[in-house]
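Engineer: Take a look at this one; I'll ask things after.
The values are calculated or read from the model by the stated rules, or taken from the named source; none is laboratory data. Bear in mind the structure is a predicted one, so any value in this text is a computation, not a measurement. Quick reminder, even Gly has a Cβ in these numbers, built from the backbone with ideal geometry, and neighbours come from all protein chains shown.
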Amino acid sequence: MAKYLEILFRQRLRFAVLLLLPVVLGVSAAVVLAGYRATATLRIADPSAIGPSFEPVGWSPNQTPAQNLADNVSQVVKTPAFSQSLSTRLTGSGAVSSGPELQQTLKSTSTGLKAVASGSHFVTLTYTCPHAAVCLAVVSDTIDIFKEEMAAIQQDQATAATTFWSGQLKDAQANLAAAQVELQNYASAHPGTTADAGLSDPQMALLVSNVQLWRGKVTEAQNSLSQAQYLGNASTRFLQIGTAVVDPPHMAGSRFVGDYSSLLPAALVLLVGLAAVAAYIFLLGWADRTAGDPKLLERRLGVPVVATIPKLVGSGGA
Amino acid sequence: MGPVADQAQPIANGSTQLADEVEQVVEETEEVNAGEELSSQFSHSINDALTRRPTLPGFADPRMERINSIGLPPWFIDRCRRAYLSVAFDAAVDCRVLGVTSTAYGEGKTSVAIGIATAMAVDTKKSTLLIECDFANPSFYKFFGITEAGGLSEWLDGGSRLRIVRGAALVPNIYVIPSGAAQGEPARFFYQLVDRNVLDGLRGIFGNVVIDLPPMLNISYGSLACALADRLLIVARSSVTLTADLETIVTRIGKERVSGIVLNGTDQRTPSWLRPLL
């Protein structure tokens, strides 16, 4: 131990430089490998505020509003339309300057962009990337694109439902009209027969039943169409006004080392560097076979060291 | 009393004692046998060199060179003091002979040897001899600002006079024998020094003898060189000397002969408040 410490102090300038090197490398690694994380928090209103039985289209009644919203966000960011919109926005704002960087950013959104429910009505949106400005732009743009995309999706779903129930209503109305014509023709052919004589005239009873059936179907289709139109409009409106940004996009962590994720590799670099310096000292000590430590010398030779004489300045020795 | 003792003057604290010892050595050398002739000559030469000659008033002794200064800072010598005080010398021996070596050149061996000799001379007040025995790569002349030529190797090769240099004014009781000019075959000098017990002649003259030995790793005559000293210290340069090399020379010399390691050139950068926690 004394021998190695002596080597350390003897070449202290060299070791100071060697010790400084891993520190510099570690700090460089912490800065260069820093990952920046932008975050924003969204609040979603309770659907019951719209109506006691209101449930937005596509929402699961078994999940909290925040979980439903997080699912919606996660689905939206995986769509090609989202990538297209994000690409346009990032390029337009100048946040991303080069094509490869844009491609890398778009590719990383599927894994790096995360929406997590952080409460029953709060969703935290985070995105990690190598550049702080890009991270911030991606989160900010994602919120805007999400709102637009969700409105479009809700609109599409409402249109589909409306179209479906319109067709159903049209069919039901046509069938009702046909059943009524058939009933009138039968009544004209059999004067004196009334709708009340169903039990005595089975044919009359069947025709009346048909009319009633299609009348019910028409009513059902009208109700469903109204409901679909209401839900479509309400859902779109709900997501537009019920989703609020309570915590605007901002950078989390330090300015220089980002989200601290680079500290681990930096610590590893530092440790490896220090280990290399220690190994170098050990190597020097191991390779040094000269007499230096009186105790070691006495132990090895079995002869006492009777005096140690400091270096005589200017002595050439003889 | 011989001529050496007659002319001996107090040159430092204990100089009278030195003169007596020199005379005693001279008397003893007359009794040496033929095999110890070189040892006797060495003692004679030492005595001759140490003897002061009458000089003209106002003139320095022409035969005794002097070092201007040791050139090492006090704290360095104090650390060297710590090293020699840790060495367990035989209490019964009057003269302590300490060898300083290293694994290779450039580890501060000679500086530490000079520092230890200085500390011993200052502390013990005894005459202390510092001998350079690194014949292949002499360096005392650089440290002390003296000429390279003329020294132990030349004297061993049959030179007439052993060159001995006296310490600086602050440490007058230290004497230095340089090895002389660089020699190609240093092993033969060690052979002569060891085989003929040349350094034994010094034991009666000097209280302390510090020998600057050659680096041990790449020489074949290491055992000869080490035989000159009673105790050995190995100098290693911090962050330069390989532990394996130290291990090699400790094994080669023998762990029981090595009194310790002097770790030179340490430059600890770990804060002092942190060291006790480790």
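Engineer: I'm told B:T147 meets every condition in (1) of a type in the set (S, T, N, Q); (2) touching a strand residue (DSSP E or B) at 6+ places or on another chain (Cβ under 7 Å); (3) surrounded by fewer than 23 Cβ atoms within 10 Å (Cβ to Cβ) except one. Can you identify the failing condition by its number?
Structural biologist: Among (1) of a type in the set (S, T, N, Q); (2) touching a strand residue (DSSP E or B) at 6+ places or on another chain (Cβ under 7 Å); (3) surrounded by fewer than 23 Cβ atoms within 10 Å (Cβ to Cβ), B:T147 violates only (2).
Engineer: If you don't mind, there's one more thing I want to ask. Give, as residue ranges, the helices (runs of 4 or more DSSP H) completely inside segment B:159-269 that count at least 1 residues that are free of Cβ contacts under 8 Å to residues at least 12 places away in the same chain and in contact with a helix residue (DSSP H, G or I) (Cβ under 9 Å, 6 or more places away or on another chain).
Structural biologist: Per the criteria, B:187-195, B:243-253.
Engineer: Provide a single number: the residues in segment B:75-102 that are within 12 Å of another protein chain (Cβ to nearest Cβ) and either out of contact with any strand residue (DSSP E or B) (no Cβ under 7 Å at 6 or more places or on another chain) or among the hydrophobic types (A, V, I, L, M, F, W, C) (or both).
Structural biologist: Adding up the residues that qualify gives 12.
Engineer: Filter segment B:134-154 down to residues that are within 14 Å of the chain's Cα centre (by Cα) and farther than 25 Å from B:P74 by Cα and give me whichever is nearest to the other protein chains (Cβ to nearest Cβ).
Structural biologist: Of everything passing the filter in segment B:134-154, B:D134 is nearest to the other protein chains (Cβ to nearest Cβ).
Engineer: Which condition does B:G265 not pass, out of (1) surrounded by fewer than 18 Cβ atoms within 10 Å (Cβ to Cβ); (2) at the interface with another protein chain (Cβ under 7 Å from one of its Cβ atoms), if it passes all the others?
Structural biologist: Looking at each condition in turn, B:G265 falls short on (1).
Engineer: For B:C226, which of the numbered conditions (1) farther than 14 Å from B:V100 by Cα; (2) in contact with a Lys or Arg (Cβ under 8 Å, 6 or more places away or on another chain) fails to hold?
Structural biologist: Single failed check for B:C226: (1).
Engineer: Identify all residues within segment A:82-120 that are of a type in the set (V, I, T), at pLDDT 85 or above and within 16 Å of the chain's Cα centre (by Cα); write none if there are none.
Structural biologist: If the condition is that a residue be of a type in the set (V, I, T), at pLDDT 85 or above and within 16 Å of the chain's Cα centre (by Cα), then A:T105, A:T109, A:V116 are the ones that fit.
Engineer: Also, quick follow-up: Taking B:S272 as the residue in question, decide whether it is over 21 Å from B:P178 (Cβ atoms), free of Cβ contacts under 8 Å to residues at least 24 places away in the same chain, more than 10 Å from chain A (Cβ to nearest Cβ) and hydroxyl-bearing (S, T, Y).
Structural biologist: Yes: the conditions hold for B:S272.
Residue-by-condition table, conditions (1) more than 14 Å from chain B (Cβ to nearest Cβ); (2) over 39 Å from the mean Cα position of the chain (by Cα); (3) at pLDDT 90 or above; (4) assigned to a helix (DSSP H, G or I):
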residue	(1), (2), (3), (4)
A:A234	yes, no, no, yes
A:P249	yes, no, yes, no
A:S261	yes, no, no, no
A:V269	yes, no, yes, yes
A:Y280	yes, yes, yes, yes
A:V306	no, yes, yes, no
A:S315	no, yes, no, no
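Engineer: I've got another one for you. Filter segment A:194-211 down to the residues that are outside any helix (DSSP H, G or I) and surrounded by 11 or more Cβ atoms within 10 Å (Cβ to Cβ), then identify the one that is modelled with the lowest pLDDT.
Structural biologist: For segment A:194-211, the residue satisfying everything is A:T194.
Engineer: Which of the helices (runs of 4 or more DSSP H) found entirely inside segment A:54-135 contain at least 3 residues meeting this: loosely packed, with under 14 Cβ neighbours inside 10 Å and out of contact with any strand residue (DSSP E or B) (no Cβ under 8 Å at 6 or more places or on another chain)?
Structural biologist: A:80-93, A:99-112
Engineer: Can you name the residue in segment A:282-292 that is touching a residue at least 12 places away in the same chain (Cβ under 8 Å) and either within 60 Å of the chain's Cα centre (by Cα) or more than 9 Å from every other protein chain (Cβ to nearest Cβ) (or both) and, of all such residues, is surrounded by the fewest Cβ atoms within 10 Å (Cβ to Cβ)?
Structural biologist: Looking at the filtered set, the residue picked out is A:F282.
Engineer: Of these, A:A172, A:A177, which one is modelled with pLDDT of 90 or more, of a type outside the set (D, E, K, R), buried (at least 18 other Cβ atoms within 10 Å of the Cβ) and in the same structural domain as A:S110 (by TED's automatic domain parsing)?
Structural biologist: None of the others qualify; the one that does is A:A172.
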